[in-house]
Amino acid sequence: MAVLEAKDVSMYFGELAALKEINLSVEQGEILGLIGPNGAGKTTFFNCATGFLTCTRGDIFFKGQNITRVPGHRVCHIGICRTFQIVQSFSEMTVLENVMMGAFCRHPNTSNSMHSAQDILDFTGLADKRDQIAGSLTLADQKRIELARTIATEPDLILLDEVMAGLNPAETEEAIELIKKIHQKGLTIIVVEHVMEVIMNISHRIAVFDSGELIVEGPPEKIVRDERVIQAYLGEEYHA
Amino acid sequence: MQNDKNFYIIFSIILIFMAVAPLVIQNTHFQHLLIMLLLFATLSQAWNLIGGYAGQVSFGHAVFFGIGSYAAMAPLTHWGLTPWVGMLIGGVVAIIVALIIGVPVFRLKGHYFAISTFAVAEVVRELFTNWEWVDGPIGLDAPVLEQGFYNLMFYKNKLPYLYIVLVFFFIMMLLTFRMERTRMGYYFRAIKQRPEAAQAMGVHISKYKQYALMMSAFFTAICGALYGLYILHIEPATVLSLDISIKIVLITALGGTGALWGPLLGSIILIPLQEYSRIWLGGTGKGIDLILLGALIVLICIYEPRGIVGLLKRFNFQKGKN
Amino acid sequence: MDVTIFLQLVISGLLIGFVFSLIAVGLTLIWGVMDILNFAHGDFLMLAMFSAFLMFANLGVDPVFSLPVIVGLLFFVGLLTFRLVIKPVLGYHALIALLATFGLSIFIRNVVLFFLGPDFRVINQSVLAGKRISFLGLHLSLPQLVSAIGCVLITYVVYLFISKSKFGRALRATALDKDTALLMGINTNRVFALTFGLGAACVGAAGGFLVNFYYVFPEVGLNFAILSFVIVALGGFGNIGGAFLAGILVGLVENIGGFFVGPEFKYTLVFILYLIVISLRPKGLFGW
Amino acid sequence: MLKVNDISVRYDLISVLDNVSFLVEEGQFVAIVGANSAGKTTILKTLSALVSAFQGTIEFFNERIDHLPPYEIAAKGISHVPEGRRIFDKLTIKENLLVGAHVRDDQQDVLETLEEMYALFPILKQRQTQKGETLSGGERQQLAIARGLMAKPRLLMLDEPSLGLSPILSNKVIHTCEEIRRKGTTILIVEQKVTEVLKLVDRGYVLQRGQIIMEGKGEELLESDLIRKAYLGL
Amino acid sequence: MKKSIILALFLILLLGISSAVSAAEEVEVALLYPLSGPLTEAGKRMKSVYEVAAEVINGSYDIQGVPYAKSEGIPGLNGAKITVKFYDTQGSPEVGKAETERILQEGTAKLIIGAYQSAVSKPTSFVAERHKFPFLCAVSSSAALTERGLKYFFRVAPTDFHDSRMFFNFLDDMRKQGKKVENVAIVYEKTEFGVHAMKEVKKRVDESKGIYQVVADVPYAFKSTDVNAEVLKIKAAKPDVIIHATLFSEMTLFAKTYENLGVKSNANLSFCGGYQNPKFASQLKDTVEGYMGSCTFAEDFIRKKAQLKTINEMYKAKTGMNLDGIAMEGFTTLFVAVDAFSRAKATDPESVTQALRTTELVIATLPGKGVKFDENGQNIWIDSTMSQIQKGEYKVVWPSDWATTAMVWPMRP
């Protein structure tokens, strides 16, 4: 069954079309990679799927339920959670408190939330930094906090917006491991990423956006050979 | 955040002090000072909920303050209704008003929000100034009724006022302290820091801002009622004035916004400073007391821009190092 | 309805509106660039008016001629304020800057009270005083007319300066992103200081004009300051054109609305106007 | 021309840079590569005095600049294109460029440079009257670099110009740097795209946890085992 | 943290103790006036006049018609000196109330005199009433103050009632002389003072049974930046007479705007307030030529009562201004206090209050016979006159037995 399904989704900002009739679905347990040049509409798609924006036309379904007009804060309770392109950790809170913020979604009680958050910290390898102030940590750790916070909401689907951007190879490696680990828990994942090695490595399927349109989708091997993708995105070098 | 045990110890010391000091020093003016100090600490803490924790700086809290004092005083003067009921009415009306103004105002950001709250306050003040039932600009005087808790009137003794204010202060502090530890407290701080991320975590932002404003409005109204009943005379020019709104903000800013002890520290500094500079230097008609007050406020800002809470933290930090 | 009265209302509204504009322009500069609400803005106005008055009373300099000196003086006051009060609190919670300027406001007002006393004073024998132009039953008081024209001119000059000059560009860049402006070789502290000076100079000019037809006393600035806060927000923070038009709008609403609805409601109308505008355009009429 | 001696930087007692020294000769294209939290951005920020070092000296044309404020360093001819572009959203593109030339006095000269930039980045000329916020990511990066060049700097410092750009754009940006160098501007670049950058540069430094662990010619570094292991996954 | 808070609490405690210490040997009178804030100007004038009054009482001056001037100190208390101590209300009821409580707490004052605004006199006198402590009000004009049935409250000044009655007697008189005065515009600030004053005016208009009409009812916001809308509203109504209740310096603004916008009326009458401030006449000169207002004292009175010159000189030496009505009311009030102390031969609150209740002080400082209080504490021997600004000076022009100068009518030829 499709976890998330977009049907003819279009998004206009005034005259400008950010998304044009996107049809895309993600199956249960899949990792879908989303690539495309800057301004292609990837983040806009995320925003529509998570209720931060309401798309101009079309519908979005989550497990068969129409969530097109569900407001952003409800989406999390339904079971979708996202990260942000630019790190958005609660910089004045401790790591534990950051993750608790996610856990509150399922555990309104503070101490339950704390226990749940502690489990997630162990799972994501942040346990030893639990009482540090999030703002004082490195970018990699802050991104990890965001991931931890996201899974603390106990979602079925997570949308990761450039979680690797700005990480070095070693850190990227760790992040990939973590994403795979999260995937093993049974979560469905959509990843936006520029680092090609990463996206090829983890995605089961890749969808390519260009100027608001979905130009191609399919398994990674197919994508790297597609002429239109190479022209729009990868450039000639990758062709070789 | 404070650790729990520490909080209870400090808090008990303060409460005991506030309760016992006026018994030791039988000076009504000193009692007056403590009453004002506690009243403004409570008020500022109420403001702190929305302005400090949830980060929405309001310059219009006089609205709730005024509503509270009018709700207690008007039924008392017109019908002799016990102010306790009036107080409750005031709190409820303030919550309703908070609901009404919250919807449009929370769409605004930063200064636009602040100026809007101020504009709302000015409009409400004008409404009261032209409202015949509450005697317009003349204001209301408490009728001379029998003393006692039923009428909340004590003519010669100030101690009952002091203890009533102390009780409200106690409730306010405890509530804030508990709130810091609940989901709501975390949500407030999250909204202040990263509204978008908070939304992604499932926080209904405008709802929680609304909660913060409603709680804040309720307690501000209660304080307004106490103020009216204590001063026994209210008029739009005082209880609905910008002065009140600003004073609340300043006390919190001075002590430290979004900090549990900020409001109390702020009023411990500002209220005695105001009272005693007037007592010692006022009466000359030359404003020396206010020159001093202004200069001191500026100096505090320059030398301790983090608020008094910041000063204490730094003090503790350095001590810890040694 | 008498047409002359209506026209007179429009004229009076415009005349006072231009003065509001200039005061608001001074405020919006500081507010827009530094994100600091200067509570002492009204007291700057009062300082300007008192200086003009003192120069008139003690040296016999007509307020029309003392204007450049007043502007220069207030520019200096602005610089000084920035150095002594604002600079130390930059980068901390915005409320601290607010608190500092609030303290400054109390301080300035009472120092003036201490030295000059609480009396109100009026300049009544200046070049412009008492003269007026009358036609078709309409009256334009010359001091107000000259002030209005002066305020428009100065506002326009400031606008040109900000939008065309190199410094203006640097100022806007600093307002947008202080660190990057530093990397561009802009001495941002100097920009801040000059902006504060410029803002104070604007309000100084307004005070220099105002003194021709308004009374002076230590508390005179408060009412103008409160109105200018609303005007700035109405026009959109940091937007000079916005402050200018909003100032005129407020002048008109206050006069025409005050006449038809009742003078005691004239400021209420201004606040209601603000609330309506802001609920339609959450960043003011011309906000970013 | 630029000589960095033993600088160390701390944030809140945590060491970010530890005795970093390096050299940039006139006309060279120099890269500092390293992991994200290695301190690359901090080096550039220290050079332009946004961050102050508690130890060490920085010399620019044999003159110490480590105690100057940022704006004076810019006036000395060091232009810093910050991480994340940081263009002025509400200024027009032309104004953005002119702000870049703030340190220069001769306005006639500035206008000439402006034309040069338009020649180098034609898209900017087309959109010169539009606000910065209307630009896309790649255009922003072009504007940021052009703005940096407007100062006619003796040294251009670029902080991760490829960050957040698609592969095709990031390559284009890096090659633009090469072109700029060919026209005679010294460039110090901080990058994570190790392969692409090291192919082009004259000299590279590898930074790890605040320390320089390797240095050498670009090609040499590419060949080294350390780099190949850590950054290329080979 | 803990230590710091305890330290702060300790400091507060110290403040509490230190402020409790105070001592006095003479008969002290506490005065509550706004000595900072927007009404400082008025407060300072009051302060000066009380200092003059104390000097006159304590020293030996030969002023005919003013008892207690010749003798040194208070006769009934073996010549004990009177001292005046000032407390700042900042023009705020809250501060006023706090200061009153402080006065009572300190316990050195034997009587309270105050305050300036009615809005402050009200709560402060309530405090005194509850402590059964005598409170003398010098200048607050709200008629409501003496309609509250207080037992320890006395007022020397005429009220809005007296003033409005005097205005309409005056207008009646003018009408009899064939002058046009029927259309009245009323202008008042939307404060306790303005609203009260105009309530009285409206009562008088109602009592006239249609002779007078209010053609323009113009309340305005206190502290206005301009008054164009207000003045145009008046202009549109074309009134014969404008009546003002303007406490503040806005009176200046009104006068200028009337001039600028060419408003013509036969007369412009003012309740006490902005009009009475001598600066109003001296600074605005021609602009305010012909303005009229209620007046309990002006320099012009000295022409009729030459003996008051001494007092005016002393006051002028202190302030550079001539005495005005408000100041003279203050001056007289201190004499009422001295009279009460002297007759009571004691200073305890009960005796002093008792003496005040039976006051029958004949004193030549104010229009009317002197001071005698009715059961509500209102002075019933007080009267008021009409003054007019002529060439920058206040001249008494009505009623005829007080008038020194001929009236200019209409105010602008």
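The values are calculated or read from the model by the stated rules, or taken from the named source; none is laboratory data. If you're wondering where the values come from, they're calculated on a predicted model, not measured in any experiment. Using ideal geometry, Cβ is built from the backbone for each residue, glycine included, and neighbour counts are taken over all protein chains shown. Calculation scope for accessible area: heavy atoms of the full protein, side chains included, ligands and nucleic acids excluded. Shrake-Rupley method; radii C 1.70, N 1.55, O 1.52, S 1.80 Å.
Conditions tested, residue by residue: (1) in contact with a strand residue (DSSP E or B) (Cβ under 7 Å, 6 or more places away or on another chain); (2) open to solvent by 10 Å² or more (accessible area, probe 1.4 Å); (3) at the interface with chain C (Cβ under 10 Å from one of its Cβ atoms); (4) not small (Gly, Ala, Ser).
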{"site": "E:Ile234", "(1), (2), (3), (4)": "yes, no, yes, yes"}
{"site": "E:Val241", "(1), (2), (3), (4)": "yes, no, no, yes"}
{"site": "E:Lys256", "(1), (2), (3), (4)": "no, yes, yes, yes"}
{"site": "E:Leu261", "(1), (2), (3), (4)": "yes, no, yes, yes"}
{"site": "E:Asn266", "(1), (2), (3), (4)": "yes, yes, no, yes"}
{"site": "E:Met292", "(1), (2), (3), (4)": "yes, no, no, yes"}
{"site": "E:Lys304", "(1), (2), (3), (4)": "no, yes, no, yes"}
{"site": "E:Glu313", "(1), (2), (3), (4)": "no, yes, no, yes"}
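Taken as a whole, the condition of being open to solvent by 20 Å² or more (accessible area, probe 1.4 Å), among the aromatic types (Phe, Trp, Tyr) and modelled with pLDDT of 85 or more applies to B:Phe128.
Within the range D:185-211, the residues that satisfy the criterion of being in a strand (DSSP E or B) and under 21 Å from A:Ala140 (Cβ atoms) are D:Val190, D:Glu191, D:Val206, D:Leu207, D:Gln208, D:Gln211.
Of these, B:Ile67, B:Ile89, B:Ile115, which one is open to solvent by 20 Å² or more (accessible area, probe 1.4 Å), among the aliphatic types (A, V, I, L, M) and either without any contact (Cβ under 8 Å) to a residue 12 or more places away in the chain or assigned to a helix (DSSP H, G or I) (or both)?
Numbers: B:Ile67 fails: open to solvent by 20 Å² or more (accessible area, probe 1.4 Å); B:Ile115 fails: open to solvent by 20 Å² or more (accessible area, probe 1.4 Å).
Among B:Ile67, B:Ile89, B:Ile115, only B:Ile89 is open to solvent by 20 Å² or more (accessible area, probe 1.4 Å), among the aliphatic types (A, V, I, L, M) and either without any contact (Cβ under 8 Å) to a residue 12 or more places away in the chain or assigned to a helix (DSSP H, G or I) (or both).
Of the helices (runs of 4 or more DSSP H) lying entirely inside the range A:9-122, those containing at least 1 residues that are more than 14 Å from chain B (Cβ to nearest Cβ) are A:42-49. Please identify the pairs in which a residue from the range C:2-18 that is facing chain E (nearest Cβ under 10 Å) has its Cβ atom under 9 Å from the Cβ atom of a residue that is in a helix (DSSP H, G or I) and of a type in the set (Lys, Arg), counting only partners at least 6 apart or on another chain. Correct list of pairs: C:Ile5/E:Lys233; C:Ile5/E:Lys235; C:Gln8/E:Lys235.
Test of understanding: among D:Ile58, D:Ile93, which residue is hydrophobic (A, V, I, L, M, F, W, C), crowded, with 24+ Cβ neighbours inside 10 Å and touching a residue at least 40 places away in the same chain (Cβ under 8 Å)? Give the derivation first.
Working: D:Ile58 fails: crowded, with 24+ Cβ neighbours inside 10 Å.
Going through D:Ile58, D:Ile93 in turn, just one is hydrophobic (A, V, I, L, M, F, W, C), crowded, with 24+ Cβ neighbours inside 10 Å and touching a residue at least 40 places away in the same chain (Cβ under 8 Å): D:Ile93.
When B:Gln45, B:Gln31 are screened for being under 21 Å from B:Ala121 (Cβ atoms) and part of a helix (DSSP H, G or I), only B:Gln45 passes. Remark: pairs (first residue in the range E:202-230, polar (S, T, N, Q); second residue open to solvent by 10 Å² or more (accessible area, probe 1.4 Å) and modelled with pLDDT of 90 or more; Cβ separation under 6 Å; 6+ apart in sequence or on different chains) = E:Gln213/E:Asn183. At least 1 residues being at pLDDT 90 or above, within 20 Å of the chain's Cα centre (by Cα) and closer than 29 Å to D:Ile7 by Cβ is the threshold, and among the helices (runs of 4 or more DSSP H) wholly inside the range D:45-120 those reaching it are D:70-75, D:93-100.
This table checks each residue for (1) closer than 25 Å to A:Gly186 by Cβ; (2) buried (at least 16 other Cβ atoms within 10 Å of the Cβ).
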position	(1), (2)
A:Phe52	no, yes
A:Gln65	yes, no
A:Pro71	no, no
A:Phe90	no, yes
A:Met101	yes, yes
A:Ala152	yes, yes
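Quick one: would you say C:Leu273 is under 17 Å from the mean Cα position of the chain (by Cα), surrounded by fewer than 24 Cβ atoms within 10 Å (Cβ to Cβ) and either assigned to a helix (DSSP H, G or I) or touching a residue at least 60 places away in the same chain (Cβ under 8 Å) (or both)? Walk me through it before giving the result.
Values: under 17 Å from the mean Cα position of the chain (by Cα): no; surrounded by fewer than 24 Cβ atoms within 10 Å (Cβ to Cβ): yes; either assigned to a helix (DSSP H, G or I) or touching a residue at least 60 places away in the same chain (Cβ under 8 Å) (or both): yes.
Here the answer is no, as C:Leu273 does not meet what is asked.
Selection of the range E:123-163 for residues being in contact (Cβ under 8 Å) with a residue 60 or more places away in the chain and assigned to a helix (DSSP H, G or I) yields E:Thr124, E:Thr146, E:Glu147, E:Asp160, E:His162, E:Asp163. Among the residues of the range E:196-229, those that are open to solvent by 20 Å² or more (accessible area, probe 1.4 Å) and either among the aliphatic types (A, V, I, L, M) or assigned by TED's automatic domain parsing to the domain that holds E:Leu39 (or both) comprise E:Ile211, E:Val214, E:Val215. Comparison of B:Pro160, B:Pro143, B:Pro195, B:Pro137 shows that the only residue that is under 20 Å from the mean Cα position of the chain (by Cα) and of a type outside the set (A, V, I, L, M, F, W, C) is B:Pro160. Criterion applied to B:Thr176, B:Thr182 was being open to solvent by less than 20 Å² (accessible area, probe 1.4 Å) and polar (S, T, N, Q), and the one residue passing it is B:Thr176.
For D:Thr186, are the conditions met, namely being hydroxyl-bearing (Ser, Thr, Tyr), under 20 Å from D:Lys217 (Cβ atoms) and open to solvent by less than 10 Å² (accessible area, probe 1.4 Å)? Considered against the rule, which asks whether it is hydroxyl-bearing (Ser, Thr, Tyr), under 20 Å from D:Lys217 (Cβ atoms) and open to solvent by less than 10 Å² (accessible area, probe 1.4 Å), D:Thr186 comes out as yes. Of the residues screened, C:Val71 is one that is within 22 Å of the chain's Cα centre (by Cα) and under 16 Å from C:Ala201 (Cβ atoms). Of all residues assigned to the range C:223-237, at least one qualifies as being crowded, with 23+ Cβ neighbours inside 10 Å, within 14 Å of chain D (Cβ to nearest Cβ), in contact with an Asp or Glu (Cβ under 9 Å, 6 or more places away or on another chain) and not acidic (Asp, Glu).
When E:Ala98, E:Ala115, E:Ala144 are screened for being in contact with a helix residue (DSSP H, G or I) (Cβ under 7 Å, 6 or more places away or on another chain), under 22 Å from E:Thr296 (Cα atoms) and buried (at least 24 other Cβ atoms within 10 Å of the Cβ), only E:Ala115 passes. Can you find a residue in the range C:52-72 that is surrounded by fewer than 24 Cβ atoms within 10 Å (Cβ to Cβ), more than 8 Å from chain B (Cβ to nearest Cβ) and of a type in the set (D, E, K, R)? Taking every residue of the range C:52-72 in turn, at least one turns out to be surrounded by fewer than 24 Cβ atoms within 10 Å (Cβ to Cβ), more than 8 Å from chain B (Cβ to nearest Cβ) and of a type in the set (D, E, K, R). Restricted to the range D:164-197, and to residues that are among the hydrophobic types (A, V, I, L, M, F, W, C) and touching a Lys or Arg at 6+ places or on another chain (Cβ under 9 Å), which residue is nearest to D:Lys3 (Cα to Cα)? Per the criteria, the residue is D:Ile187.
Just a yes or no: is a residue in the range E:69-76 within 14 Å of chain C (Cβ to nearest Cβ), surrounded by fewer than 23 Cβ atoms within 10 Å (Cβ to Cβ) and out of contact with any Cys (no Cβ under 6 Å at 6 or more places or on another chain)?
Initially, the range E:69-76 is screened for residues within 14 Å of chain C (Cβ to nearest Cβ), giving none.
No: zero hits.
If A:Ala127 meets every condition in (1) facing another protein chain (nearest Cβ under 7 Å); (2) open to solvent by 20 Å² or more (accessible area, probe 1.4 Å) apart from one, which number is that one? With respect to (1) facing another protein chain (nearest Cβ under 7 Å); (2) open to solvent by 20 Å² or more (accessible area, probe 1.4 Å), A:Ala127 is out only on (1). Looking for something part of a helix (DSSP H, G or I), open to solvent by 10 Å² or more (accessible area, probe 1.4 Å) and of a type outside the set (S, T, N, Q) - is there at least one such residue anywhere in the range C:21-31? Within the range C:21-31 (the criterion being part of a helix (DSSP H, G or I), open to solvent by 10 Å² or more (accessible area, probe 1.4 Å) and of a type outside the set (S, T, N, Q)), the answer is no, since none of the residues qualifies.
Number of residues in the range B:238-277 that are part of a helix (DSSP H, G or I), among the hydroxyl-bearing types (Ser, Thr, Tyr) and either more than 11 Å from chain E (Cβ to nearest Cβ) or open to solvent by 10 Å² or more (accessible area, probe 1.4 Å) (or both) equals 4.
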